[in-house]
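Shown next, in structure tokens, is the structure this report addresses.
The values are calculated or read from the model by the stated rules, or taken from the named source; none is laboratory data. What you are looking at is a predicted structure, and each value in this text was computed from that prediction instead of being measured. Please note: Cβ atoms are built from the backbone with ideal geometry, for glycine as well, and neighbour counts cover all protein chains shown. Keep in mind that these areas ignore ligands, DNA and RNA; they rest on the heavy atoms of the full protein, side chains included. Shrake-Rupley method; radii C 1.70, N 1.55, O 1.52, S 1.80 Å.
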There are 2 protein chains.
Amino acid sequence: MSKEEKKVPYKIYLEESEMPKAWYNVRADMKVKPAPLLNPATGKPVTEADLAPVFCDELIKQELDNDTPYIEIPEEIRSFYKMYRPSPLVRAYCLEEKLGTPAKIYYKFEGNNTSGSHKLNSAIAQAYYAKKQGLKGVTTETGAGQWGTALSMACAYFGLDCKVFMVKCSYEQKPFRREVMRTYGASVTPSPSMETEIGKKILQEFPGTTGSLGCAISEAVEKAVTNEGYRYVLGSVLNQVLLHQSVIGLEAKAAMDKYGITPDLIIGCAGGGSNLGGLIAPFMGEKLRGEKDYRIIAVEPASCPSLTRGVYAYDFCDTGKVCPLAKMYTLGSGFIPSANHAGGLRYHGMSSILSELYDEGYMEATSVEQTKVFEAAEMFARSEGILPAPESSHAIRVAIDEALKCKETGEEKTILFGLTGTGYFDMVAYGKYHDGEMSDYIPTDEDLQESISKLPKI
Amino acid sequence: MSKEEKKVPYKIYLEESEMPKAWYNVRADMKVKPAPLLNPATGKPVTEADLAPVFCDELIKQELDNDTPYIEIPEEIRSFYKMYRPSPLVRAYCLEEKLGTPAKIYYKFEGNNTSGSHKLNSAIAQAYYAKKQGLKGVTTETGAGQWGTALSMACAYFGLDCKVFMVKCSYEQKPFRREVMRTYGASVTPSPSMETEIGKKILQEFPGTTGSLGCAISEAVEKAVTNEGYRYVLGSVLNQVLLHQSVIGLEAKAAMDKYGITPDLIIGCAGGGSNLGGLIAPFMGEKLRGEKDYRIIAVEPASCPSLTRGVYAYDFCDTGKVCPLAKMYTLGSGFIPSANHAGGLRYHGMSSILSELYDEGYMEATSVEQTKVFEAAEMFARSEGILPAPESSHAIRVAIDEALKCKETGEEKTILFGLTGTGYFDMVAYGKYHDGEMSDYIPTDEDLQESISKLPKI
């Protein structure tokens with residue numbers, strides 16, 4: 001440790017009074033708007049009426065609103081945010097020293113809440129609007145469990161019923177995640193289940209199946225539309241989710257502005273895009289308006305490379321094909337990524353907003369291999385203390401690589417990355433890494449061609 | 001949620017410049033000092049020379065120093081503290097509302113670091129002094145794993161070797177905890193092991209044993225004294241540990257002073273006493289000096305009630321009887337508490353400092369039953385968001401009970417309690433609670449007489 005007094009503290013916390021009072025809607029500053037969702041039956045852009053049986057009314061408005069730049073955060077949501085936000089913007093002094101880099105590394109840490117990730121930012125918003133609409137409860141699906149946990153916490157707070165369909169193999173392999181959700185009063189059903197028609201049908205067809213996210217989505221949607229007073233909610237990909245997650249970037253930018261810091265480089269992991277979209281939102285706004293320039297990098301797993309190796313086309317959001325079609329960078333909704341321990345990044349597509357911004361060249365994308373990701377995760381844990389989630393560690397990997405480039409060139413770049421969560425429920429993955437049993441399978445061109453060739457014809 | 005602006009924010013964070021620069025040694029203000037440790041061979045107070053083969057030199061000085069009120073926190077430790085401290089002092093607005101109490105409830109939350117508890121505060125100090133002494137590494141034991149994790153993190157930071165003996169049944173039942181320690185580079189050995197003479201002996205005598213904390217301590221001590229460049233470190237009970245943990249209380253008091261808040265009641269869970277001793281330190285100092293009065297309550301599990309049902313006498317600190325004798329409230333070193341999911345509170349004795357303060361009437365003690373504790377834990381999780389550790393939930397239980405008394409009497413008392421950690425690795429316990437499979441066995445008077453009758457004759 002250097003003995004000189006640090007000008008910037010290790011952690012910058014905003015005051016409550018400095019916390020954002022409105023979410024920022026980056027679509028308002030996009031000249032080309034993200035392509036609209038299409039109704040799969042008609043092939044036409046979805047209307048509020050199309051979505052009303054599935055989603056809450058206010059969230060549908062947010063989903064379709066491409067014009068309003070700032071949307072007020074209701075006071076009840078701001079109160080909940082105050083329980084676990086502002087999240088700290090951390091200066092990675094110890095990592096910098098370990099790397100011997102002249103770069104200045106910052107990370108926005110979203111893991112200091114019981115859901116263990118940024119997902120809570122949107123969960124509480126979606127639960128609030130459901131409550132405000134007078135609904136009884138909401139349904140959702142969860143794979144690894146972060147989103148289900150976040151939604152359970154949010155529903156417990158507002159006294160809403162919460163039905164979670166959890167992919168059966170995760171339900172069995174991750175009993176602790178399930179138990180956390182039960183602690184918050186959610187009912188957790190392994191999917192496929194006998195509780196829905198689609199579940200029954202799938203079980204009849206494939207009696208031994210351990211489930212999939214696509215199937216769990218289908219069950220959650222069916223449960224919502226067939227039960228009076230219920231709606232379905234989703235934790236990523238959608239425009240509304242990126243809107244809520246803008247709180248990450250708004251806080252990060254306010255904290256940096258307070259100390260006169262401007263990032264040269266902004267890095268985030270990208271699965272469905274909720275974290276990356278939220279982190280970069282206000283920075284991207286400045287870039288879109290031509291006020292400032294930032295290098296922005298999306299990091300995806302080499303095993304599921306939607307931006308770097310996918311196509312930009314209309315596709316189903318879910319493998320069950322019950323949801324609207326979205327235009328996005330996709331590997332095809334039938335693509336099944338190889339075993340990868342960053343469950344939150346195993347999604348075949350990408351948020352329409354981010355897809356459009358990437359297509360127009362406003363951001364870059366890169367992919368990284370799993371063992372390299374865990375190597376970075378371990379280095380980060382040992383220097384910064386925090387045990388990172390495998391998803392977040394994709395961003396850490398690229399941040400470290402960029403900082404090492406600065407070491408070579410002597411450039412004092414300022415790097416900001418998103419540390420989306422903690423890895424406490426991912427120790428099986430860490431164990432495989434320690435034991436040298438982690439695979440780095442990357443899909444072949446043939447693999448990708450196979451699933452991409454089955455995109456819907458629009 | 002009330003619509004009025006809150007005068008006190010949800011979370012009070014100190015600025016870096018406001019963080020404590022010295023630990024507070026409550027012994028300096030005690031008229032009757034805690035009884036000295038005794039050398040079991042001679043029956044006389046231990047000397048620095050007695051302890052030198054086992055503990056680091058500087059830590060021995062701190063252990064024996066009953067007079068210096070403030071001991072400077074070395075800059076390297078303060079730098080590390082800045083990575084995860086200050087911990088927030090939280091106003092439990094949501095819990096208050098749920099309870100409908102006029103009481104004002106605050107908690108000092110120590111769980112926002114990867115070790116998941118306050119243990120890191122002393123681990124980093126002990127690792128620092130070991131490094132400064134030029135040692136190669138340290139040894140320790142761990143049961144549930146919090147202390148082992150904290151020490152692994154601290155050793156990774158200073159590049160020290162860390163050998164952890166983990167009670168075999170925990171090693172097998174908690175592979176995730178073990179994996180976290182491996183991530184930080186520690187070697188974790190199930191105890192009893194073939195790595196030590198005492199381990200071999202125990203395995204020969206009891207081939208099927210799943211180990212005990214007492215046995216793990218013995219192995220860790222043997223490993224330290226028989227290996228050049230190693231010392232043994234301990235995470236609770238000792239005076240030095242309470243000294244380091246005073247950072248909890250110092251921060252809490254500084255945060256309260258900043259907003260002109262004075263607690264009427266301070267509540268903490270008590271196992272070996274590290275958290276409670278740290279939380280109350282500066283408040284107890286004022287009480288000892290006659291400057292202020294506070295009601296201070298130690299909460300212990302009904303299954304392991306050392307303060308409320310033990311005797312105040314000299315006893316072994318460990319079941320293996322290799323450590324010095326300490327005068328403390330104890331149930332006898334042979335006492336084996338019934339299954340209780342708050343592993344950190346399953347200790348037969350209590351810090352000598354707290355024992356003396358309790359004996360003199362400076363603090364109260366109460367015990368609570370396990371299912372009542374989990375009921376409070378769940379209520380807390382659902383209103384405040386944080387999933388608490390079973391240990392911490394003992395304090396939550398009593399805080400809630402006191403807040404409910406205020407509801408009856410209309411008193412607006414200010415309650416401060418210590419939320420020592422998170423329960424992410426305790427989901428088996430939560431599951432038993434949800435499934436109604438949790439037992440509330442309380443030792444009978446005969447049980448206690450049995451173990452207390454075997455105290456060493458001093």
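For (1) surrounded by fewer than 24 Cβ atoms within 10 Å (Cβ to Cβ); (2) outside the structural domain of B:R91 (by TED's automatic domain parsing); (3) touching a Gly at 6+ places or on another chain (Cβ under 7 Å); (4) at pLDDT 95 or above, each residue gets a yes or a no:
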site	(1), (2), (3), (4)
B:P388	no, no, yes, yes
B:H394	no, no, no, yes
B:A399	no, no, no, yes
B:T409	yes, no, no, yes
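With respect to (1) more than 14 Å from chain A (Cβ to nearest Cβ); (2) under 29 Å from A:I12 (Cβ atoms), the lone exception for B:K82 is condition (1). Looking across segment B:90-120, the residues that are more than 13 Å from chain A (Cβ to nearest Cβ) and farther than 25 Å from B:L238 by Cβ come down to B:L99, B:G100, B:T101, B:P102, B:A103, B:K104, B:I105, B:Y106. Every test in (1) in contact with a Phe, Trp or Tyr (Cβ under 8 Å, 6 or more places away or on another chain); (2) in a loop (DSSP other than H, G, I, E, B) is passed by A:R178 save one, and that test is (2). Within the option set B:T149, B:T142, being modelled with pLDDT of 95 or more and within 24 Å of B:S193 (Cα to Cα) holds for one residue only, B:T149.
Taken over segment B:181-201, the residue count meeting the criterion of being open to solvent by less than 40 Å² (accessible area, probe 1.4 Å), part of a helix (DSSP H, G or I) and among the aliphatic types (A, V, I, L, M) is 1. Within segment B:424-448, residues that are in contact (Cβ under 8 Å) with a residue 24 or more places away in the chain reach partners that are polar (S, T, N, Q) and not in a loop (DSSP other than H, G, I, E, B) with beta carbons closer than 7 Å, at six or more positions or on different chains, in the pairs B:Y430/A:T183; B:Y433/B:T371; B:M438/B:Q370; B:M438/B:T371; B:D440/B:Q370; B:D440/B:T371. If you go through segment A:391-407 one residue at a time, do you hit one that is touching a residue at least 24 places away in the same chain (Cβ under 8 Å), outside any strand (DSSP E or B), within 26 Å of the chain's Cα centre (by Cα) and within 12 Å of another protein chain (Cβ to nearest Cβ)? The answer is yes; a qualifying residue exists.
Figure legend. Inter-residue proximity from segment A:162-180: first residues free of Cβ contacts under 8 Å to residues at least 12 places away in the same chain, second residues open to solvent by less than 20 Å² (accessible area, probe 1.4 Å) and aromatic (F, W, Y), beta-carbon distance below 8 Å, spacing 6+ or different chains. Indicated pairs: A:E179/B:Y430.
Number of residues in segment A:278-293 that are more than 19 Å from A:V32 (Cβ to Cβ) and open to solvent by less than 20 Å² (accessible area, probe 1.4 Å) equals 3. Can you spot a residue in segment B:437-444 that is within 14 Å of another protein chain (Cβ to nearest Cβ) and open to solvent by less than 60 Å² (accessible area, probe 1.4 Å)? Checking segment B:437-444: at least one residue is within 14 Å of another protein chain (Cβ to nearest Cβ) and open to solvent by less than 60 Å² (accessible area, probe 1.4 Å). Residues in segment B:184-218 that are within 14 Å of chain A (Cβ to nearest Cβ) and either in contact with a Ser or Thr (Cβ under 6 Å, 6 or more places away or on another chain) or modelled with pLDDT under 95 (or both): B:Y184, B:A186.
Could you tell me whether A:A123 is surrounded by fewer than 24 Cβ atoms within 10 Å (Cβ to Cβ), within 12 Å of chain B (Cβ to nearest Cβ) and part of a helix (DSSP H, G or I)? For A:A123, the condition - surrounded by fewer than 24 Cβ atoms within 10 Å (Cβ to Cβ), within 12 Å of chain B (Cβ to nearest Cβ) and part of a helix (DSSP H, G or I) - is not met. Being at pLDDT 95 or above, in contact with a strand residue (DSSP E or B) (Cβ under 8 Å, 6 or more places away or on another chain), open to solvent by 30 Å² or more (accessible area, probe 1.4 Å) and outside the structural domain of B:A254 (by TED's automatic domain parsing) is the requirement here; does B:P45 meet it? So B:P45 fits the description; yes. Which residue out of B:E110, B:E141 is in contact with a His (Cβ under 8 Å, 6 or more places away or on another chain) and crowded, with 24+ Cβ neighbours inside 10 Å? Within the list B:E110, B:E141, the selection yields B:E110. Restricted to segment B:7-18, and to residues there that are more than 8 Å from chain A (Cβ to nearest Cβ) and surrounded by fewer than 19 Cβ atoms within 10 Å (Cβ to Cβ), the residue that is farthest from B:G260 (Cα to Cα) is B:S17. Any chance segment A:297-309 includes a residue that's in a loop (DSSP other than H, G, I, E, B) and open to solvent by 20 Å² or more (accessible area, probe 1.4 Å)? No, because not a single residue in segment A:297-309 is in a loop (DSSP other than H, G, I, E, B) and open to solvent by 20 Å² or more (accessible area, probe 1.4 Å).
With respect to the conditions (1) modelled with pLDDT of 95 or more; (2) among the polar types (S, T, N, Q); (3) open to solvent by 10 Å² or more (accessible area, probe 1.4 Å), B:T330 lacks only one, and its number is (3).
Any chance segment B:225-242 includes a residue that's modelled with pLDDT under 95, aliphatic (A, V, I, L, M) and closer than 30 Å to B:I105 by Cβ? Scanning segment B:225-242, I find at least one residue that is modelled with pLDDT under 95, aliphatic (A, V, I, L, M) and closer than 30 Å to B:I105 by Cβ, so the answer is yes.
Within segment B:27-44, being in contact (Cβ under 8 Å) with a residue 40 or more places away in the chain, of a type in the set (D, E, K, R) and within 22 Å of B:L59 (Cα to Cα) holds for B:R27, B:D29, B:K33.
Under the condition of being within 12 Å of chain A (Cβ to nearest Cβ), out of contact with any Pro (no Cβ under 8 Å at 6 or more places or on another chain) and not in a loop (DSSP other than H, G, I, E, B), the residues counted in segment B:411-436 number 5. Condition check for A:L59 on (1) over 21 Å from A:F158 (Cα atoms); (2) more than 14 Å from chain B (Cβ to nearest Cβ); (3) at pLDDT 95 or above: one failure, at (1).
Any idea which residue in segment B:313-327 is modelled with the lowest pLDDT, counting only those that are open to solvent by 50 Å² or more (accessible area, probe 1.4 Å) and under 20 Å from the mean Cα position of the chain (by Cα)? Before you say what the answer is, go through the steps one by one.
So in segment B:313-327, the residues open to solvent by 50 Å² or more (accessible area, probe 1.4 Å) come out as B:319, B:321-322, B:327.
From what's left, under 20 Å from the mean Cα position of the chain (by Cα): B:319, B:327.
On the way: B:T319: 69, B:K327: 97.
So, considering only residues that are open to solvent by 50 Å² or more (accessible area, probe 1.4 Å) and under 20 Å from the mean Cα position of the chain (by Cα), the one modelled with the lowest pLDDT is B:T319.
Answer yes or no as to whether A:V164 is within 15 Å of A:L234 (Cβ to Cβ), outside any loop (DSSP other than H, G, I, E, B) and within 22 Å of the chain's Cα centre (by Cα). So A:V164 fits the description; yes. Taking segment B:24-105 as the region of interest, the helices (runs of 4 or more DSSP H) fully inside it that hold 1 or more residues being more than 23 Å from the chain's Cα centre (by Cα) and among the small types (G, A, S) are B:48-51. One residue stands out in segment A:341-369 among those that are modelled with pLDDT under 95 and within 19 Å of A:L419 (Cβ to Cβ): the one that is nearest to the other protein chains (Cβ to nearest Cβ), namely A:H341. When we screen B:K33, B:K98, B:K131 for residues that are open to solvent by 20 Å² or more (accessible area, probe 1.4 Å) and within 25 Å of B:T262 (Cα to Cα), the only hit is B:K98.
Being within 30 Å of A:P74 (Cα to Cα) and either surrounded by fewer than 20 Cβ atoms within 10 Å (Cβ to Cβ) or touching a residue at least 24 places away in the same chain (Cβ under 8 Å) (or both) narrows it down to one residue among B:Y70, B:Y24, B:Y93; which is it?
Numbers: B:Y70 fails: within 30 Å of A:P74 (Cα to Cα); B:Y24 fails: within 30 Å of A:P74 (Cα to Cα).
Checking each option against the conditions leaves just B:Y93.
Determine, yes or no, whether B:V237 is at positive phi and touching a residue at least 60 places away in the same chain (Cβ under 8 Å). It is true that B:V237 is at positive phi and touching a residue at least 60 places away in the same chain (Cβ under 8 Å).
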